[in-house]
Amino acid sequence: MIDTLSISTSGPGLTEFTRQARQFVRESGVSEGLLTVFVRHTSCSLLIQENADPDVQADLQTFFRRLVPHSDDPSMGWIIHNAEGPDDMPAHIKAALTQTSIGIPVSGGEMLLGTWQGLYLFEHRDRPHTRQVVLHLLG
């Protein structure tokens, strides 16, 4: 089974799509297998992260902004690629530091996520985007 989700973002931050992935797995009829989640972009990424306390998301966002500031920050003067603005290359760096693909075991027709784990698209660009996330279930 394979499907593609369109996930709209409102700029930098985490957008949860656990519910859509869970629905895909349930509707597949696959009891045991592996769900691969893959994002088709180079300036966002995927995370499995806590979904109970929104402070976790805020802290992650702040951490990545401090780790990789916009290219117009004096510390980022070495950046060459800025064709799409000061958030462009930093978004690619953040995506390189995280992941574009996640494997999640499926058993009993359910993703084996922990109690507080959720699936997130991590948008690294400043403006809103519509991102494509591919779900592939093999079982």
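The values are calculated or read from the model by the stated rules, or taken from the named source; none is laboratory data. A quick note: this is a predicted structure, and the numbers were derived from the prediction, not measured. Here the Cβ is made from the backbone with ideal geometry for all residues, glycine too, and neighbour counts use every protein chain on show. All accessible areas refer to the heavy atoms of the entire protein, side chains included, with ligands and DNA or RNA removed. Shrake-Rupley method; radii C 1.70, N 1.55, O 1.52, S 1.80 Å.
Please report how far the C-alpha centroid of the range 7-47 lies from that of the range 75-113, rounded to the nearest whole angstrom.
Spelled out, the Cα-based centre of one part sits 14 Å from the other.
Explain nothing, just the number: relative contact order of the chain, from Cα pairs under 8 Å at least 6 residues apart, as a whole percent.
55
Which residues make up the longest stretch of the chain that has no chymotrypsin sites (Phe, Trp or Tyr not before Pro) in a DSSP loop with at most 14 other Cβ atoms within 10 Å?
Here the longest run is 1-77.
How charged is the neighbourhood of residue 25? Take every other residue with its Cβ under 14 Å from the Cβ of residue 25, and add Lys/Arg as +1 and Asp/Glu as -1.
-1
Counting only Cα atoms, I'd like the Rg/Rh figure for the range 11-77, Kirkwood definition for Rh.
Here the Rg-to-Rh quotient is 1.10.
Looking only at Cα atoms, what is the convex hull volume of the chain per residue, in Å³?
Looking at the chain, the number lands at 96 Å³ per residue.
Work from the charge dipole of the chain (Cβ charges, +1 for Lys and Arg, -1 for Asp and Glu, about the Cα centre) and give the residue of 31, 51, 20 farthest towards its positive end.
31
Mean residue ellipticity at 222 nm from the helices of the chain, using -39,500 (n - 2.57) per DSSP H segment of n ≥ 4 over the full residue count, to the nearest 500 deg cm²/dmol?
Dividing the helical sum by the residues of the chain leaves -8000 deg cm²/dmol.
Around residue 132, what is the net charge, scoring Lys/Arg as +1 and Asp/Glu as -1 over all other residues with Cβ under 12 Å from its Cβ?
+1
For the range 79-84, take each phi angle, set θ = phi - 60°, evaluate the Karplus expression 6.51 cos²θ - 1.76 cosθ + 1.60, and give the result in whole Hz per residue in order, putting x for glycine and proline.
5, 9, 7, 9, 4, 10
Can you work out ³J(HN,Hα) from phi for every residue in the range 124-137, in order, using Karplus 6.51 cos²θ - 1.76 cosθ + 1.60 and θ = phi - 60°, giving whole Hz and x for Gly and Pro?
Ordered by residue, 3J(HN,Hα) equals 10, 9, 6, 9, x, 9, 10, 10, 9, 10, 8, 10, 10, 10 Hz.
Can you work out the Karplus-derived ³J(HN,Hα) for every residue in the range 95-107? Use 6.51 cos²θ - 1.76 cosθ + 1.60 with θ = phi - 60°, whole Hz, and x for glycine or proline.
Per-residue couplings from phi come out as 5, 5, 7, 10, 8, 10, 9, 9, x, 10, x, 10, 9 Hz.
Which one of 93, 80, 48 has the biggest mean-square fluctuation once the chain is modelled by GNM with Cα springs under 10 Å?
Ranking 93, 80, 48 by mean-square fluctuation puts 80 first.
Using a 1.4 angstrom probe on the protein heavy atoms only, could you order 56, 39 from most to least accessible area?
56, 39
Please build a GNM for the chain, connecting alpha carbons under 10 Å apart, and tell me which residue among 76, 89, 111 fluctuates the most.
Maximum among the listed residues: 76.
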